[in-house]
Amino acid sequence: MHLNKTLLKLVTLLFVGPVIGEPNPHDCDLARTKPLYLDAEAKIEQRVNDLIIRLTLEERAMILNHNHPDIERLGLRGDKWNQCLNGVQWDQPTTLFPICTVLAATWDPDFIKNQVVRVISDEARAIYNGWRKDPSLSSQHKGLIYRDPVLNIGRNPYWGRNYEIWGEDPYLTGRMGVAYCQGMHGNDPKHLKLYTRILQSKVTRPKHELKGFKRVSLKAGETKKISIEVLVDRLAYFDEKKNRFIVEAGDYELQIGSSSKEIQLREQMTIHENLNAQLEALPN
């Protein structure tokens with residue numbers, strides 16, 4: 001399916017230069033060979049794979065540590081991870097929201113996503129942009145890796161970290177966790193997302209299933225044709241009785257937008273009954 005209409009809004013972007021004293025991937029010796037991992041136009045999977053195969057075994061093990069040193073030959077900075085469960089952890093004052101147990105008492109995932117976590121996300125990005133723009137800023141310099149939320153289930157009132165969880169109800173914890181992640185990710189209009197929905201399913205399935213995405217850059221008034229490839233077997237669900245993945249026959253709706261709540265284009269397609277037999281005939 002092709003998207004041939006402009007979906008992006010005009011946005012203002014803050015571009016910041018490299019931090020003094022830190023490795024710059026475009027200035028390292030390897031950059032002269034134009035490696036694939038530095039090609040912004042290449043697919044992200046290809047870029048990641050290209051970077052991984054260039055890492056030595058020792059470097060791969062080393063970067064598993066959040067406090068690893070820079071890898072200067074590849075121009076990679078050791079980006080420190082952080083936390084922002086109910087406010088960004090920083091050595092300067094930040095906005096602090098109530099503990100998660102209290103937030104869960106709102107029973108309102110949309111409120112958590114839009115009124116709480118998006119504020120935290122914006123503040124996290126602002127802090128990062130601030131010290132990247134001014135390396136002399138006398139504050140904690142950490143990256144954009146945030147290890148939240150906590151999805152443990154409250155089972156023991158004596159546990160010393162109950163304040164980090166959303167309570168003892170698994171369903172509520174799940175919905176709050178989804179809302180938290182969506183709030184952190186945001187609805188970036190520069191990333192188009194492809195969702196699918198089968199119109200009449202024999203089993204219970206999500207209303208929107210994310211199957212692909214692509215980063216798009218448009219100038220004001222510019223139009224581009226965008227293609228997002230999705231393999232048919234990615235439309236499958238796992239059948240517990242048959243103990244295998246099944247692609248349901250029927251009509252599917254393809255949805256394009258910046259998020260599942262901001263669908264801007266819909267198309268339908270049909271999957272036929274004999275598809276599973278064809279898939280099973282393919283070699284593993």
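The values are calculated or read from the model by the stated rules, or taken from the named source; none is laboratory data. All of these numbers come straight from a predicted model, not from anything done at the bench. FYI the Cβ positions are ideal-geometry reconstructions off the backbone, even for glycines, and counts take in every protein chain you see.
Name the residues in segment 167-184 that are of a type in the set (Gly, Ala, Ser) and touching a helix residue (DSSP H, G or I) at 6+ places or on another chain (Cβ under 6 Å), would you? Those that are of a type in the set (Gly, Ala, Ser) and touching a helix residue (DSSP H, G or I) at 6+ places or on another chain (Cβ under 6 Å): 167, 179, 183.
Name every residue in segment 161-189 that is part of a loop (DSSP other than H, G, I, E, B) and surrounded by fewer than 20 Cβ atoms within 10 Å (Cβ to Cβ), in order of residue number. Quick ask: steps written out before the conclusion?
If we filter segment 161-189 for residues that are part of a loop (DSSP other than H, G, I, E, B), which is where we start, we get 161, 165-169, 186-189.
161, 167, 168, 169, 186, 187, 188, 189 - these are the residues of segment 161-189 that are part of a loop (DSSP other than H, G, I, E, B) and surrounded by fewer than 20 Cβ atoms within 10 Å (Cβ to Cβ).
Where the second residue is of a type in the set (Gly, Ala, Ser) and the first is more than 10 Å from residue 195 (Cβ to Cβ) and lies in segment 250-267, which pairs have Cβ atoms under 6 Å and are six or more apart or on separate chains? These pairs meet every condition: 264/257. The single residue among 112, 120, 153 that is modelled with pLDDT of 90 or more, in contact with a Gly (Cβ under 9 Å, 6 or more places away or on another chain) and assigned to a loop (DSSP other than H, G, I, E, B) turns out to be 153. If the condition is being at pLDDT below 85 and acidic (Asp, Glu), then segment 240-263 contributes 240, 262.
Scanning segment 64-77 for residues that are closer than 29 Å to residue 161 by Cα and surrounded by 15 or more Cβ atoms within 10 Å (Cβ to Cβ) yields a single hit, 68.
Only one residue in 218, 192, 210, 199 is modelled with pLDDT of 80 or more, out of contact with any helix residue (DSSP H, G or I) (no Cβ under 7 Å at 6 or more places or on another chain) and either surrounded by 12 or more Cβ atoms within 10 Å (Cβ to Cβ) or on the phi < 0 side of the Ramachandran plot (or both), so which one is that? Give the derivation first.
On the way: 218 fails: modelled with pLDDT of 80 or more; 192 fails: modelled with pLDDT of 80 or more; 210 fails: modelled with pLDDT of 80 or more.
None of the other options fit; the residue is 199.
Please determine whether any residue of segment 102-109 is part of a helix (DSSP H, G or I), within 20 Å of the chain's Cα centre (by Cα) and within 20 Å of residue 165 (Cβ to Cβ). Yes, segment 102-109 contains at least one residue that is part of a helix (DSSP H, G or I), within 20 Å of the chain's Cα centre (by Cα) and within 20 Å of residue 165 (Cβ to Cβ). The set of residues in segment 49-63 being surrounded by 13 or more Cβ atoms within 10 Å (Cβ to Cβ) and hydrophobic (A, V, I, L, M, F, W, C) consists of 51, 55, 62, 63.
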